[in-house]
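Asker: Below you'll find the structure I mean.
The values are calculated or read from the model by the stated rules, or taken from the named source; none is laboratory data. These numbers were taken from a predicted model, which means no experiment stands behind them. All Cβ positions, glycine included, derive from the backbone under ideal geometry; neighbour counts span all protein chains shown. In case anyone asks, the SASA skips ligands and DNA or RNA and just uses the protein heavy atoms, side chains included. Shrake-Rupley method; radii C 1.70, N 1.55, O 1.52, S 1.80 Å.
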Amino acid sequence: MNYREEPDAHLLAKKRQYMKRTKKFKTFIIAFVCLTIVAVWALIGWAIYKLSQDYSPIETTDSVVTTVAETQTVTEEVPVASGSFYEGAERIALEIKKDQMYSGSLIIVTEDADRAYRATGADIVTLLGAKSRCYKIVDNSIKLERAAFDAAEEMFNAFYKETGNGNYHLRMAHFDAPSEKCVSEHLTGYAFDMNIYDGTPTALDAAGAPYDWIYENCAKYGYILRYPGSDNDHFRYVGKGHSAYIDENGLTLDEYVGLLQRHMYGDKHLSFSYDGVDYECFYVMLDGVSDSVKIEIPKDASCTVSGDNASGVIVMLYK
């Protein structure tokens, strides 16, 4: 009797041990399958989110414009007035970062250190070795932001070609390298003083013809006389389009920026044409925003962005 019971007890113990192992294995398989399903759904959700984002590049000249990320939305209401670039246009998302409020060609420089221009990430050109031979510089430390330099080169070469005067010298003075926090226009990379230089500097407005050409044509190249009537040697780059509107309407830079601040994104935009190019401008408020905002722009329009150094940025569309 004992001989038969011992094998039965042994087999029973082995059967119980096998069942425990089988149960553990089934539990592991079930857990693995569940985790795999969750991971697959998470991956599918991430892929759908990525595909839903539009990463079309935006052409810019004044300020870095990035594509859209997870941001606060300004508004979904965009103008559809007759003649607006938005009318019937396919739209793409555009992210504007808050720190763009403090840089760009339309920046208003003040003596308030808390509102100082921050020339971060600017593409700066040292004029020595880069400029053409049709004008002189007062010293070797003079620098300009890339867009301002290219426009100045275009303007000075056009002046030389138009007048045929190879004996003149243009003197650019009182300029230094841009700083991260500056309270002078001459430190932004967008401004310079210009004089006639023939051994001694002569004020530009006292030189007469042919130098009146500079005043009459600088707006074509993105430049304005910053303080007309009080400082007729101080020129400021604001960008083509902006310079044309300022010149044709007899505005100062401060008045123009104030005008644009009243043309809010999602409301009536400022539209005008110059030299065969159509422009549409509006203001995006950034004051009170923690990081960045998201807006929509027409896909077929080029775009520039500049801060005003106060509360937001100015977006210019053109085509």
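Asker: For the cross-link pairs K161/K240; K220/K299; K97/K161; K143/K220; K268/K319, which exceed 30 Å when the distance is taken from alpha carbon to alpha carbon?
Answerer: K97/K161
Asker: From Cα pairs below 8 angstrom and at least 6 apart in sequence, can you work out the relative contact order of region 180-319, rounded to a whole percent?
Answerer: The normalised contact order for region 180-319 reaches 15 percent.
Asker: How high is the FRET efficiency between A81 and Y215 when r is their beta carbon distance and R₀ equals 30 Å, given to the nearest 0.05?
Answerer: According to the calculation, E is roughly 0.25.
Asker: Give me the net charge for the shell around E154: Cβ to Cβ below 14 angstrom, other residues only, Lys and Arg +1, Asp and Glu -1.
Answerer: +1
Asker: Ordered by packing density, taken as the mean number of other Cβ atoms within 10 Å over each peptide's residues, highest first, how do 225-232, 251-258, 143-150 rank?
Answerer: Put in order of decreasing packing, that is 143-150, 251-258, 225-232.
Asker: Taking the solvent-accessible surface of protein heavy atoms with a 1.4 Å probe, what is the per residue accessible area of region 190-272 in Å²?
Answerer: Normalised by residue count, the accessible surface of region 190-272 is 42 Å².
Asker: Ignoring ligands and nucleic acids, what accessible area does M285 show with a 1.4 Å probe (Å², nearest 10)?
Answerer: Around 80 Å² of this residue is reachable by solvent.
Asker: Listed highest first by mean packing, meaning other Cβ atoms within 10 Å per residue, what order do 243-249, 307-313 come in?
Answerer: 307-313, 243-249
Asker: Using a cut-off of 15 Å between beta-carbons, work out the net charge of the residues near A209 (Lys and Arg +1, Asp and Glu -1, A209 not included).
Answerer: The answer is -4.
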